[in-house]
Amino acid sequence: MKTAAQLREELRSIDHKSYPAYKSLKGEYRFTDYVLSIDHVQGDPFAAPSHVTVRFPMEKAGFPADYYKDRLSRTSLADYLLRQFGNAVAKLSFQARGSGKSGLIAVSRCGQEILDRSACCVTEKEICVRFSVGFPARGRTIDAKELDKILFELLPKGIPAAFLFQNQQKERLQAHMELREDQAALRMFLRENHLAAFVADGAVLPRESGVSAKPMKNAVVFKSPETLRVTAELPHKGKISGMGIPCGVTLIVGGGYHGKSTLLLALQNGVYDHIAGDGREYVVTDETALKLRAEDGRFIKDVDISLFINHLPNGKDTKCFCTEDASGSTSQAAGIVEGAEAGSRLFLLDEDTSAANFMVRDAFMQRVIAPEKEPITPFLERVRGLYEQAGISTILVAGSSGAFFHVADTVIQMDAYQPKDITEEVRGLCGEYPLADTAAARTGREKAVEAGIMAAASSHKRVMTKHEESKTRRNYYGDTVARPERMKTKVHGRDGFSLGHEEVDLKALEQLCDSEQTAALAYLLKMAYEGMIDRKKTLPEIVEILADRLAKEGTAVFREGGYVAGGFAIPRVQEIYGCFNRYRRP
Ligand code: ADP
Ligand code: MG
């Protein structure tokens, strides 16, 4: 490994040369406190900035061993340090100047959730931070003096500030670490107590605005109804009380604008841990929970949706359903079957974003349209079976149809942003408003059918396919040789990406919370495309292999061109399934 002095020397020697001469700086350099690695050098001052990694030995950083004893604490510490470094970097960026992106120093920006990001990793050995630097130029010639300023003046100031234990606000850091352990304990509490979700008393659920995930100021704070209140004992915070939503079928009702969707949104985000001050620190949901919505136009491939849809007028097979352009109801049916396959134990639905004909069909409509003319068995008739046969709970926001009262275990009314438990009240009324022919009246035989379908759906062979690009090319001598299967990806923010010529639209995966997760999904799909799709492996097999690797190797999976770059955050396995299922393939 070269020394920092050698880097300085090399830098001096390329001053005023044309920009590509910067490429000679690629490599690792030993500084007093850390190793700096120049992994990738941008092609010109206007291109995406260069990639730099700093490795700070843990021994020197001096954090207590307790802060990196396991995966949970390591990701907590990494998240904290990344936020610190982000603050430091904001002050240093563009202090060096020049054309284009000269002088830019940028690192991943963290939101309200704590994610495992490639931008910062903590191991027993070291803290590793990956960021971008715009190598300075005047016009298109190298400005070595300015890069010297970044590497030998600005970073040596910012890095120790962010990564030395002695420079941290100890109490804040300690609180950050403890909160995460409490959140893990609360998730354990859910499992042990057969709860689908927990919302603490005092939680703040609404957000500042549609574009800000910060908590709303002066919001009505959450207070659990007496009958649903449970108390957990957390290792650091001690006793905490709040609303426990039991597994089963839960209905959230209430007048328009009373806070139903806000509660559901908090629950769907409760699969992630939130930072202190967010208001949702102690709002946790079963981490396999899946928000489902109607998604007209989506792609569906080989999904057995016969649980919900049969006898389509065009004669299409719904046991192995494919479409390039799903309807609201078929998209939602597929979403449920795919969700079960992805291991979800909880579905979250909002009537507002669901296909009406998928959810219920009232008695009058059943009279008018004969059963054999209606391909759809509405969700209303399957929701109990999903729980009883497959162990999958549902939390559903319903504003217009009372039919779901008949199948709910728990009914929560949002009343001026406060929850009320109206389960008993509703139970009394169910007799007055009987349902004609529904899940409530279904026979044992139908239940068996349901169980069978559910088992079939999960064992269904869905071999993963891909578009075959031309596999060969002509070389210089005119011979046909194999073309390496490399595909380009381009990420379009949080909402999707392209792989080769295919666009993958992920707008409907509402629980994706960061564009770095989308970048990771693009990476994983490309990885599958290039090396795993072999006309034998099924889609679940491929996803499980990838999920396994992520669990074992963490963000080290995101390696490209011999190094790991910043800019990736590990998604949940549910979103990996969601993404692979939406990839349009032959
Ligand atoms: P619903 O789904 O019942 O129609 P929403 O959840 O969309 O209602 O909430 C309506 C409005 O009330 C939203 O603008 C939301 O930000 C606001 N709101 C939700 N919960 C609270 C709260 N606890 N305190 C203050 N305002 C809230
Ligand atoms: Mg709503």
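Only the coordinates and a few stated rules stand behind these numbers; no lab work does. Everything quoted here is computed from the prediction, not taken from an experiment. So basically every Cβ, Gly included, is an ideal-geometry build from the backbone, and we count neighbours across all protein chains shown.
With a cut-off of 13 Å between beta carbons, the residues surrounding Arg191 carry a summed charge of -1, where Lys and Arg count +1 and Asp and Glu -1. Ranking His492, Ala519, Tyr477 by how far each Cα lies toward the positive end of the dipole of region 472-581 (charges on Cβ) leaves Tyr477 at the top.
For a test of the definition: using alpha carbon positions, the gyration tensor, and the 1.5 limit on a/c, classify region 478-550 as rounded, prolate or oblate. Write down the numbers at each step before the final one.
Numbers: a/c = 2.53, a/b = 1.44, b/c = 1.76.
Oblate.
So which GluC sites (Glu not before Pro) in region 97-127 end up in coil per DSSP with only 13 or fewer other C-beta atoms within 10 Å? Qualifying residues, ordered by number: Glu124.
Please compare each pair in Lys125/Lys237; Lys170/Lys217; Lys17/Lys101 to a cut-off of 24 Å on the Cα-Cα distance and tell me which ones are over it.
Numbers: Lys125/Lys237 30 Å; Lys170/Lys217 28 Å; Lys17/Lys101 18 Å.
The answer is Lys125/Lys237; Lys170/Lys217.
Restricting the chymotrypsin sites (Phe, Trp or Tyr not before Pro) of region 94-169 to loop positions (DSSP other than H, G, I, E, B) with no more than 11 neighbouring Cβ atoms within 10 Å leaves nothing.
Between Arg535 and Ser212, residue separation times 0.36 nm minus the direct Cα-Cα distance comes to 111.9 nm.
In a shell of Cβ-Cβ distance under 14 Å around Val220, excluding Val220 itself, what net charge do Lys and Arg (+1) and Asp and Glu (-1) give? Walk me through the intermediate numbers first.
Numbers: positive: Arg207, Lys217, Lys223, Lys260, Lys420; negative: Asp201, Asp415.
Around Val220, the charge tally is +3.
Backbone N atoms of region 256-289 closer than 19 Å to the 7 Å Cα→Cβ label point of Val220 belong to residues 256-267, 279-280. Of all DSSP bridge pairs formed entirely within region 290-459, close to 45 percent run antiparallel. Taking Cβ atoms as reference points and 12 Å as the exclusive limit, the residues near Ser99 contribute a net charge of +1, counting Lys and Arg as +1 and Asp and Glu as -1.
In the chain, helices alone account for a calculated mean residue ellipticity at 222 nm of -10000 deg cm²/dmol, with every DSSP H run of four or more residues adding -39,500 (n - 2.57).
Counting only DSSP beta bridges with both residues in the chain, the antiparallel share comes to about 80 percent. Remark: the Arg494-Glu560 segment gains 21.7 nm on full extension, using 0.36 nm per residue and subtracting the alpha carbon distance. Taking every Cα-Cα distance in the chain and sorting them into 20 Å bins from zero, the calculated P(r) comes out as 18, 46, 28, 7, 0 percent.
Fully extending the segment from Arg97 to Lys60, taken as 0.36 nm per residue of separation minus the present Cα-Cα distance, adds 10.2 nm. For region 182-232, GluC sites (Glu not before Pro) are listed when DSSP marks them as loop and at most 13 other Cβ atoms sit within 10 Å of their Cβ; the list is empty.
Computed from the Cβ-Cβ distance with R0 of 25 Å, the FRET efficiency linking Asp201 to Ala175 stands at 0.80. Along the axis of the charge dipole computed for the chain (Cβ charges of +1 for Lys and Arg, -1 for Asp and Glu, origin at the Cα centre), the listed residues Thr3, Thr330, Pro225 are led at the positive end by Thr3.
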